[in-house]
Structures are given as structure tokens and as C-alpha cells.
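A.B. asks: Before I ask anything, here is the structure I am working with.
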Amino acid sequence: MKDLNNAWRKTASTLYRKPDDSKILGSVELDITELQEYISKKRKEGLKITLTHFFTLVTARAIKEKLPELNTYIIRGNVRSHKQINATVSVLLRENEMGSVKVEDADKLNYFTIVDKLQAKIIEARKGTENSTMQMKDRLAAIPWPFRGLAYWIIKKLLVDWGVSVGGLSANNFGSYIVSNIGSLGLDNGYPALFPAANISFVLIMGGVKKTPLVIKDEVKIRTVITLAAALDHRVVDASHAGILFKFYKKAVKHPEMFEF
């Protein structure tokens, strides 16, 4: 078991504030030619997998197998581990209206189960079934300015800083990490923000997919690539953790069959 509260982590959690000055940003361009061929094959077989399913699942497996530090958050100056590896996935609910759904125990899923689970969550969200997060957002929106800012500050202080549950919300309400596919909205790339009311250490942004010439074994070939961008909370992780994560992605896109089970 790794020591999550070593000397540097305690120092970082004291010096940095979230997310004002503790954010690490990084990006990588991945060759997903084989992955796209694999997804196309599976879709023809009836499994409606997408890149969002793939990267949500692979991120959870990376956390479980290589990076438990990404499944942590800060409470009262100490690093704590989430009890589960839950993913929050940004989805388009209606035209120009974004929302999010939480996929519990994402590390225990495979392609078949994550497709069904995420689809069920999206249908529920589009029907307008409200969860505690949505209810809290509506209540805050109804508070007139400037009292809304004070109410938000109090809730953030209780949830994020002190770890106290409020109205069904807790420090773990948004799960372990967030995945957002802005490429599906027509954007080539972007850099995420660490949502200040969420105790997450990592946000992944999936950019657009495009064809581009790459040098493969000293030959120029047309390949399919995607840009991934990440924001990480420097209080709980370092740039080296991002490097491990991106290496895991590079291996995963070459061997997508690894995650069928």
C-alpha cells in the first residue's frame, strides 16, 4: 500500500489551493487507427461502443492497476482514497445543454457492461430524473446574487474542505474523475478545469478525431489520431503520474481487446 500522505503531499495540500494554482495541464496525440478499426468491427457485431466508452473504461483500469493516486482527494489537509472508482461522464442532454452522469465501479466493467450502463444513465438524465446534484444546482440558481455566492462558499467549505455531507451531496459525489468528449461537439482540442466543488484529482478531455500523416517505421502513412488533454490536481499527483497514464493509453489503443473482460 502506497503512502498517500508523504511529506510532499502534506506540503502540497497546504501550499496549494484548489484549483487556483495547483493544476497540471498536459496533452498527447494518440494514433488510434487500430482502435477505430476495432470499434468499427464491434459495432458491426452489434456492440455500440464509442471512444467515450473506451477511454472511460481504460482510465478506470489505469487507476486500478497503475495509479491509485488518481483515485484520491484532499480533506482537512490529508489525502484520502475514494472507496470506489467512479467515473463522471459529460453528456449532451439536449441541444446546447450539457449534463453529466456517474458510472459507478467503472474499473469492474467491460465493453458490454459499460455500454449498457452508460446508455441507461443517459436516458434517465434526458428524461429529467433529478439527482441530488441537479436539485442542489437548481436551488443555488434560485438564490439571488450576491447571496448565491455566499451560499456556494458555505456549501463548498462544508463539502470540499471539511468533508461534511450536505443535502445528499458529499465530497465523493462526482466520483474519481471526469471524462468529457468535446470532439463530438466539433472541437479539436481543449484544456479542462478542475471543477472547484468536486473533490476529483483528474479531468480528461477527448478532442476531435482526424486523419494525419505520421512516420511509421520510416514510412509516411495516413493515420487516425485523437488529442487527449488532462488537468490534474498537483496537491495529490505530479506530472510523472500523467506520464504513466498516457503510456497506459498508448498501450491500450494498440490492444483494445484487453478490455473485453
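A short reminder: the numbers here are calculations on the coordinates, not readings from a lab. Quick caveat: nothing in here was measured; it's all calculated off a predicted structure. Using ideal geometry, Cβ is built from the backbone for each residue, glycine included, and neighbour counts are taken over all protein chains shown.
A.B. asks: Can you tell me the length gained on complete extension of the stretch SER184 to GLU97, counting 0.36 nm per residue apart and subtracting the Cα distance? Can you show the working numbers first?
C.D. replies: Working: separation 87, 0.36 × 87 = 31.32 nm, distance 1.37 nm.
This chain segment gains 30.0 nm when fully extended.
A.B. asks: So how far apart, in nm, are the two label points at ARG148 and VAL220 if each is 7 Å from Cα heading toward Cβ?
C.D. replies: Between ARG148 and VAL220, the label points sit 5.3 nm apart.
A.B. asks: Can you give the three extents of the C-alpha atoms in region 25-136 along their principal axes, from longest to shortest, in whole Å?
C.D. replies: Principal extents (Cα only, largest first): 50, 36, 27 Å.
A.B. asks: A 29 angstrom limit on the alpha carbon distance is what I want to check against. Which of LYS41/LYS108; LYS102/LYS254; LYS48/LYS251; LYS23/LYS48; LYS64/LYS217 exceed it?
C.D. replies: Flagged as over cut-off: LYS23/LYS48; LYS64/LYS217.
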